[in-house]
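Input: a single structure, listed below in structure tokens.
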Amino acid sequence: MTADANGVGSATNADDDASTTHVDGDERQGMLAVEGLTHRYGTEQALNDVSFTVEAGEAVAVVGPSGCGKTTLVQAISGHLSPSSGRIRLRGEKVTGQPPEQRAVGLVFQTSTLYPHMTVGENVAYGLEPQGIEPSERDEIVADYLSLVDLTAQRQAYPAELSGGQSRRVELARALAPQPELLLLDEPLSALDRSLRLQLRAEIARIQRETGVTMLFVTHNQDDAMGLADRLIVMNDGAIEAIGQPRQLYESPPTPFVASFLGRPTELAATVVDSDPLQIEIADRRVTLPAATRAPPTGETLRCLLRRRMLSLAGDNEHTGLTFSGTVERVTDLGRRYTVTVRIVDGTEVRTEQTAPPPAEGEAVTVTASRESLLVFTATGKTVF
Amino acid sequence: MSRTQSGWLQPPTGRPELLVPALLGGVLVVYFILPFVAFLARVGSTPLIEGLATPEAGQAIRHSLLTAPVSTTIATVFGVPLAYVLARRSFPGKRLVEAVVILPMVVPPVVGGAMILTAVGRFTPTGAAAAEVGIPLTGSLLGVVLAQTFVAAPFVIITARAGFGAIDERLEQASRSLGYGPLATFWNVSLPLARGTVVAGIVLTFARAMGEFGATMMVAYNPRTIPTQIWVDFIGGGIDAILPLALALLGLTLLVVAAIQRVGRLPAVVER
């Protein structure tokens, strides 16, 4: 398993890790193994040598911005798309060439695919017939899964009569009823408003706990991914950027992309002033980084990321952290908190969040960043600090 | 100002912004109704029942009621699958296939009939061979069916294609992932969801087949269908002579169209 976040810096690295899990059939097989999956639409590379495994009972999130190849990945795993190259195994069995109906992969899309001409009960029962389950048994299974998603009363209703959240839950029940080996969710929460999304996120977590189904879901929303997944696969531009546990990837992101995607930090340019011990200059401040993992030469430009959550205005720990002086550019009132955008001396805009009453626009302030908020990478994306 | 005031005075359904399009459309509707009414106004001047009681009229009605449903069935059985493929897949030469499908609508029916004659007429190898074994492709009911299918089939193909195209492909993918093969998915999901448009296409095709004259006249002047018999009556006796059969054609077509729509709207088993 490629759980070590720092160890997986590139797709090739992940590939090696994944393939060693499957040297022979006697070893414990992952539920899903994706090996060197590559796909092109014409000349456009949608997936580039993607490899990973998902263990039985695990919930894994594939995250990345729109257009990073997530949906192509789901389509390939479910069998609705035949990849240009690479292999897909379910329980160790190669399924790459098999049609979707032979794969035992449940699929839930971003938008509803409930059949409008069937009732809720009939929708949930739909996947049971091909399994050869007797009609009398089907009734019972449908009842079980409708009660799992708490929609027993809606059995005779038509999809058009359901609310957005209800239809999502029916869709989950329908996908789960045939007891698939793997449940694939393609942006399952993206079409919902915020409160419904949080509610359903908890619901999916509960259903996954109760059924123990292996779940792979795709999302562009880092909160959904962090909140639901045992492991994250961060994708960028068709390739895997990192694989690891959510907290681990968040705390020590192996690449600037992972850091930006999961933490939405502020980026500043820095220059190496001295390499032993590493001292860098950010804006007009010099910082010494004694625990740096790399020693770039003096004069090299580095990328510094400051986590927004650990930034504050005129903080109380000025002596321990980094401070930047600047002026307040904008204040946004978000109800429960304020976002204060400060333009610091080198012209970069830094955003901080606070619940206390904010300063006025144009006011001179000091932004304090704790040392833990700082992530430093080389220009090519290698971790420095 | 006065317009908004009149808008206020109109019943709640009145929408002044639709006034201009409604007027423009109204002109056309009036133009449709006018000849219709003028034609029907002559009903009193000719005995209808006697007109329909002639052996020629009876035969024409029988022939039409035999051929048009067969043509419609052929067009549906072959056309709906084609419509599905055109809606779902892109393949090299798709544009060409689409152009070919529209072709019978573009050429005048009489030219279409001439084209059928040059392909399967009595003096072509195919036509001669078929006539040899006793299945003449021209001057026969089969010839009528060939002509009607050629002219009327594009309607069901084009309409059904739009219907299938409007279905989110993910509904079909979900069905596949729930264990159904492509054919079962088509029957369970695609066809029921496109039912309305497919039925509309069948109705259009049937109506067109019933009224088909140009190509039929070229391929099979005999045995006569209602439209060809109407032409013969018109040559012999003018407008009044065609009234009985024209009304019969109209009535029969409306009857069958209503029946098809009723069957098409019948709730599927699952809907109860």
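The values are calculated or read from the model by the stated rules, or taken from the named source; none is laboratory data. What you see is a predicted model; the values in this text were computed from it and never measured. Note that each Cβ is placed from the backbone with ideal geometry, even for glycine, and that neighbours are counted across all protein chains shown.
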Please give the number of the condition residue A:194 fails out of (1) without any contact (Cβ under 8 Å) to a residue 24 or more places away in the chain; (2) under 21 Å from residue A:127 (Cβ atoms). (2)
Where in the range B:65-134 are the helices (runs of 4 or more DSSP H), entirely inside, with at least 1 residues that are of a type outside the set (D, E, K, R), touching a residue at least 40 places away in the same chain (Cβ under 8 Å) and more than 23 Å from residue B:167 (Cα to Cα)? B:94-106, B:109-120
How many of the residues in the range A:341-385 are within 27 Å of the chain's Cα centre (by Cα) and among the aliphatic types (A, V, I, L, M)? 7
Based on what the data block shows, is residue A:192 in a loop (DSSP other than H, G, I, E, B) and among the aliphatic types (A, V, I, L, M)? yes
Given the condition of a type outside the set (Phe, Trp, Tyr), more than 10 Å from chain A (Cβ to nearest Cβ), within 30 Å of residue A:105 (Cβ to Cβ) and under 22 Å from the mean Cα position of the chain (by Cα), answer yes or no: does some residue in the range B:246-255 qualify? no
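Any idea which of A:352, A:341 is modelled with pLDDT of 85 or more, surrounded by 12 or more Cβ atoms within 10 Å (Cβ to Cβ) and farther than 18 Å from residue A:284 by Cα?
A:341
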In the range A:82-103, anything within 14 Å of chain B (Cβ to nearest Cβ), of a type outside the set (Val, Ile, Thr) and touching a strand residue (DSSP E or B) at 6+ places or on another chain (Cβ under 7 Å) is listed as A:90, A:103
Of the candidates B:209, B:200, B:220, the one satisfying the condition of being within 12 Å of residue B:249 (Cβ to Cβ), crowded, with 19+ Cβ neighbours inside 10 Å and in contact with a helix residue (DSSP H, G or I) (Cβ under 9 Å, 6 or more places away or on another chain) is B:209
Pick out the one residue from A:199, A:208 that is within 20 Å of the chain's Cα centre (by Cα), surrounded by 18 or more Cβ atoms within 10 Å (Cβ to Cβ) and either touching a residue at least 60 places away in the same chain (Cβ under 8 Å) or more than 27 Å from residue A:72 (Cα to Cα) (or both). A:208
Of the criteria (1) within 20 Å of residue B:179 (Cβ to Cβ); (2) surrounded by fewer than 20 Cβ atoms within 10 Å (Cβ to Cβ); (3) within 14 Å of chain B (Cβ to nearest Cβ), which one residue A:170 fails: (2)
Pick out the one residue from A:203, A:251 that is at pLDDT below 90 and acidic (Asp, Glu). A:251
For the range A:229-252 the number of residues that are over 28 Å from residue A:44 (Cα atoms) and over 9 Å from the mean Cα position of the chain (by Cα) is 8
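State which residue is nearest to the chain's Cα centre (by Cα) when the search covers only the range A:180-191 and only residues that are more than 11 Å from residue A:107 (Cβ to Cβ) and in contact (Cβ under 8 Å) with a residue 40 or more places away in the chain. Before the answer, list the steps.
Here is the first cut: in the range A:180-191, the residues more than 11 Å from residue A:107 (Cβ to Cβ) are A:181, A:187, A:189-191.
Imposing the further condition that a residue be in contact (Cβ under 8 Å) with a residue 40 or more places away in the chain reduces the set to A:181, A:187, A:190-191.
Details: A:181: 22, A:187: 10, A:190: 13, A:191: 17 Å.
Taking the candidates together, the pick is A:187.
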Looking only at the range A:355-376, count how many residues are of a type outside the set (Asp, Glu) and over 21 Å from residue A:284 (Cβ atoms). 5
Could you list, in sequence order, the residues of the range A:128-164 that are crowded, with 16+ Cβ neighbours inside 10 Å, under 28 Å from the mean Cα position of the chain (by Cα) and either assigned to a loop (DSSP other than H, G, I, E, B) or not aromatic (Phe, Trp, Tyr) (or both)? A:148, A:149
Would you be able to tell me the number of residues in the range B:46-61 that are surrounded by 14 or more Cβ atoms within 10 Å (Cβ to Cβ) and either free of Cβ contacts under 8 Å to residues at least 24 places away in the same chain or not in a helix (DSSP H, G or I) (or both)? 2
Sole residue being surrounded by 19 or more Cβ atoms within 10 Å (Cβ to Cβ), facing chain B (nearest Cβ under 7 Å), in contact with a His (Cβ under 9 Å, 6 or more places away or on another chain) and not in a loop (DSSP other than H, G, I, E, B), chosen from A:73, A:107: A:107
Would you check which residues across the range A:157-186 are hydroxyl-bearing (Ser, Thr, Tyr) and out of contact with any helix residue (DSSP H, G or I) (no Cβ under 8 Å at 6 or more places or on another chain) and list them? A:163
With the requirement that a residue be loosely packed, with under 14 Cβ neighbours inside 10 Å and either polar (S, T, N, Q) or over 16 Å from residue B:70 (Cβ atoms) (or both), what does the range B:112-149 give you? B:118, B:119, B:123, B:125, B:126, B:129, B:132, B:133, B:134
I'd like the full set of residues that are hydrophobic (A, V, I, L, M, F, W, C) and in a strand (DSSP E or B), limited to the range A:195-241. A:215, A:216, A:217, A:218, A:232, A:233, A:234, A:235, A:239, A:240
Scan the range A:257-285 for residues that are of a type outside the set (Gly, Ala, Ser) and under 15 Å from the mean Cα position of the chain (by Cα) and jot them down. A:257, A:258, A:261, A:262, A:264
Among A:249, A:268, which is the only one that is in contact (Cβ under 8 Å) with a residue 12 or more places away in the chain, closer than 30 Å to residue A:343 by Cα and touching a Cys at 6+ places or on another chain (Cβ under 9 Å)? A:268
Among the helices (runs of 4 or more DSSP H) lying completely within the range B:149-225, list those that include at least 2 residues that are away from chain A (no Cβ under 14 Å). B:195-211, B:214-219
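When the residues of the range A:111-127 are filtered to those that are within 11 Å of another protein chain (Cβ to nearest Cβ) and either touching a strand residue (DSSP E or B) at 6+ places or on another chain (Cβ under 6 Å) or in a helix (DSSP H, G or I) (or both), which remaining residue is surrounded by the fewest Cβ atoms within 10 Å (Cβ to Cβ)?
My answer is A:122.
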Could you tell me whether the range B:67-87 includes any residue that is touching an Asp or Glu at 6+ places or on another chain (Cβ under 7 Å) and either over 25 Å from residue B:254 (Cα atoms) or surrounded by fewer than 21 Cβ atoms within 10 Å (Cβ to Cβ) (or both)? yes
